[in-house]
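In what follows, a structure is listed as structure tokens, so that the remarks can point back to it.
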Amino acid sequence: MEPLIVVISGPSGVGKSTVAGMVLEKALRLVRSVSLTTRKPRQGDVDGEDYHFVSPEEFVARRDAGGLLEWAEVHGNLYGTEAVQVDRQLSGGMSVLLEIDVQGGRSVKKARPGAILIFLLPPSDEILEERLRGRATDDEGVILKRLENARRELESAEYYDYTVVNNDLDGCVSEVLGIIGAESDKRGAEDPELPQ
Ligand code: 5GP
């Protein structure tokens with residue numbers, strides 16, 4: 001039975017990492033894909049856990065060698081998912097969660113049509129802007145770039161299989177777990193051991 005590729009996307013500030021982290025804690029046979037990025041590590045980022053931090057040259061070399069399942073430029077940096085990492089998990093019977101941007105989500109769907117694409121929506125535009133401004137790590141230029149990008153990302157929700165509003169965190173996490181469980185059942189895949 002085939003395990004699943006699950007993509008979670010949504011605008012910056014919607015709470016993707018928090019939701020993904022909680023989903024990963026609860027679904028035992030689901031692991032997170034660790035992306036390659038040319039972005040510099042932020043405070044608290046752990047190489048090999050949050051991302052594999054690489055130079056632009058190394059990224060381009062791996063991409064041009066055909067090693068990436070998908071890649072995209074986001075906020076001026078390159079991000080990508082290594083196919084071999086995902087396939088290793090899948091063949092070990094683990095479902096894989098990709099927390100990636102919408103360009104990447106669409107590429108994954110093209111390459112692996114069985115992937116499930118989940119888009120997280122903010123409760124409102126105002127709340128999203130508040131959350132983006134509340135991030136102490138970024139300067140105004142970065143925030144404006146993220147806001148513009150967020151608006152563009154929201155338009156891509158229509159390409160996703162599911163949209164989930166992140167209004168209340170626990171509710172959002174349960175909904176995502178419900179989607180993964182239902183899709184696993186539908187395909188007769190081994191259920192990623194979701195809690196009842
Ligand atoms: P951050 O640098 O804030 O961690 O992530 C910036 C954006 O890049 C987020 O929207 C995140 O989902 C996206 N991202 C992270 N890894 C990947 C990846 O491997 N591929 C793609 N396409 N986007 C990614």
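Tabulated data for the structure shown
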| item | result |
| --- | --- |
| Region 99-119 residues that are without any contact (Cβ under 8 Å) to a residue 40 or more places away in the chain and closer than 20 Å to MET22 by Cα, paired with ones that are open to solvent by less than 50 Å² (accessible area, probe 1.4 Å) and within 12 Å of the ligand (Cβ to nearest atom) (beta carbon under 8 Å, 6 or more apart) | none |
| All positions within region 176-188 that are surrounded by fewer than 17 Cβ atoms within 10 Å (Cβ to Cβ) and either at pLDDT 95 or above or part of a helix (DSSP H, G or I) (or both) | GLY178, ALA182, ASP185, LYS186, ARG187 |
| Region 69-99, residues that are within 8 Å of the ligand (Cβ to nearest atom) and more than 19 Å from GLU148 (Cβ to Cβ) | GLU70, TRP71, GLY80, THR81, LEU98, GLU99 |
| Those residues of region 86-95 which are in contact with a strand residue (DSSP E or B) (Cβ under 8 Å, 6 or more places away or on another chain) and either open to solvent by 50 Å² or more (accessible area, probe 1.4 Å) or over 20 Å from VAL54 (Cβ atoms) (or both), in sequence order | GLN89, LEU90, MET94, SER95 |
| Subset of region 110-128 [open to solvent by less than 60 Å² (accessible area, probe 1.4 Å) and touching a helix residue (DSSP H, G or I) at 6+ places or on another chain (Cβ under 9 Å)] | ALA111, GLY114, ALA115, ILE116, LEU117, ILE118, PHE119, LEU120, LEU121, PRO122, LEU128 |
| Odd one out for ARG146, checked against (1) exposed (fewer than 15 other Cβ atoms within 10 Å of the Cβ); (2) modelled with pLDDT under 95 | (1) |
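The values are calculated or read from the model by the stated rules, or taken from the named source; none is laboratory data. Because the structure is predicted, anything quoted here is derived from the model rather than measured. Note: ideal-geometry Cβ built from the backbone for every residue, glycine included; neighbour counts use all protein chains shown. These area figures cover heavy atoms from the full protein model, side chains too; ligands, DNA and RNA do not enter into them. Shrake-Rupley method; radii C 1.70, N 1.55, O 1.52, S 1.80 Å.
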